[in-house]
Amino acid sequence: MDEAARQCAELINDSKNVVALTGAGISTSCGIPDFRGPRGLYVTRQYDPEKVFDINHFRKDPKPFFEFAQDFLNLQNNLQPSFSHRFLASLEKKGKLSGLITQNIDLLHQKAGSQSALEIHGSFWKSYCQTCGKKYSFEETAEKIFTSGIPMCEDGIIKPDIVFFGENVKRLDEAIAMCESADLLLVIGSSCVVQPAAGLPGLTSGKVIVINLQPVDLGMANVVLQVNQDMDEFLKAVEFEVG
Ligand code: OAD
């Protein structure tokens, strides 16, 4: 691990345009299950991801999503960012990270102090009425979810601004531009099987480092280092070397 951490730190220090792409694995140590990891939702079926995050299912029956949302909001107040969230925020602060793309909706990059996280799957931060388009804040939506289960506007359901299966991801052009111009892309805690995010590493002509418990197949991407272990432990060693 020390040699891999040293290599990773050296690549970060020697690169001019470092970008990170994160997935659900960065939040597992905070207590949020991922999807396809060893204890992910597709394994435990604690929630059924096909029902909870599918827009066609949501339009027919939004209850499974709001049951998940209630549990998630209960957790949210006490959630603390992981070491890895804080590591990326500190890299940004030091001017060593020029872009951060996340597939996560949990707001933990912001909580860790990252200023520029590009949330391509949206977040709970704002919500919209599905009928009239009225915007609701995080607090307003959370209160309505807790009081009525399904948050309602005058005549429509209020949906948090999260990208469901069947919807377009957000700010994809910006994410593509970031990856195309990166000379080093850190892919952290993502199985990289859900498009279009999964295709982003293939767009960089720079080097790619994968940090993920399970091996990730990035096809044609220029993967120079694949670290298959706990990211918090690994990045602690990297931080020591980055200085
Ligand atoms: P996945 O659950 O597919 O992948 C998370 C990866 O993180 C897994 O391969 C785990 O092995 C790894 N992992 C978990 N804990 C780790 C740790 N402590 N250290 C290192 N690696 C760890 O999550 P995503 O790739 O983010 O989309 O999933 C992509 C999208 O699929 C999600 O944004 C969501 C989902 O369906 C929508 O809901 C639209």
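The values are calculated or read from the model by the stated rules, or taken from the named source; none is laboratory data. The structure presented is a predicted model; accordingly, all values stated were derived computationally and were not measured. When we count neighbours, we look across all protein chains shown, and the Cβ atoms used for this are built from the backbone with ideal geometry, even at glycine. Surface areas here come from the heavy atoms of the whole protein model, side chains and all, with no ligands, DNA or RNA. Shrake-Rupley method; radii C 1.70, N 1.55, O 1.52, S 1.80 Å.
In region 220-237, is there at least one residue being buried (at least 20 other Cβ atoms within 10 Å of the Cβ), within 21 Å of the chain's Cα centre (by Cα) and at pLDDT below 95?
As a first pass, look at region 220-237 and keep what is buried (at least 20 other Cβ atoms within 10 Å of the Cβ): 221, 227, 231, 234-235.
Still in the list and also within 21 Å of the chain's Cα centre (by Cα): 221, 227, 231, 234-235.
Keeping just the survivors that are at pLDDT below 95 gives 221.
For region 220-237, residues buried (at least 20 other Cβ atoms within 10 Å of the Cβ), within 21 Å of the chain's Cα centre (by Cα) and at pLDDT below 95: present.
Has region 50-58 got at least one residue that is under 15 Å from the mean Cα position of the chain (by Cα) and outside any helix (DSSP H, G or I)? Walk me through how you get there before you give the answer.
Here is the first cut: in region 50-58, the ones under 15 Å from the mean Cα position of the chain (by Cα) are 53.
Next, from what is left, pick out any that are outside any helix (DSSP H, G or I): 53.
Yes, some residue in region 50-58 is under 15 Å from the mean Cα position of the chain (by Cα) and outside any helix (DSSP H, G or I).
In region 15-47, what residues are among the basic types (Lys, Arg), more than 9 Å from the ligand (Cβ to nearest atom) and within 17 Å of the chain's Cα centre (by Cα)? If you could, list the steps in order and put the result at the bottom.
First, the residues of region 15-47 that are among the basic types (Lys, Arg): 16, 36, 39, 45.
From the residues that got through so far, the ones that are more than 9 Å from the ligand (Cβ to nearest atom) too are 16, 45.
Answer for region 15-47, where residues must be among the basic types (Lys, Arg), more than 9 Å from the ligand (Cβ to nearest atom) and within 17 Å of the chain's Cα centre (by Cα): there is none.
Residue check: is residue 66 in contact (Cβ under 8 Å) with a residue 12 or more places away in the chain and over 27 Å from residue 114 (Cβ atoms)? Break it down into steps so the answer makes sense when it comes.
Values: in contact (Cβ under 8 Å) with a residue 12 or more places away in the chain: yes; over 27 Å from residue 114 (Cβ atoms): yes.
So residue 66 passes the test.
Any chance you could count how many residues in region 126-165 are away from the ligand (no atom under 16 Å from the Cβ), under 26 Å from residue 197 (Cβ atoms) and open to solvent by 50 Å² or more (accessible area, probe 1.4 Å)?
4
Anything in region 186-214 that is within 11 Å of the ligand (Cβ to nearest atom), under 17 Å from residue 8 (Cα atoms), in a loop (DSSP other than H, G, I, E, B) and more than 14 Å from the chain's Cα centre (by Cα)? List them, or say none.
Scanning region 186-214 gives a single hit, 213.
So how many residues does region 68-120 have that are surrounded by 20 or more Cβ atoms within 10 Å (Cβ to Cβ), among the polar types (S, T, N, Q) and not in a loop (DSSP other than H, G, I, E, B)?
Here the count works out to 2.
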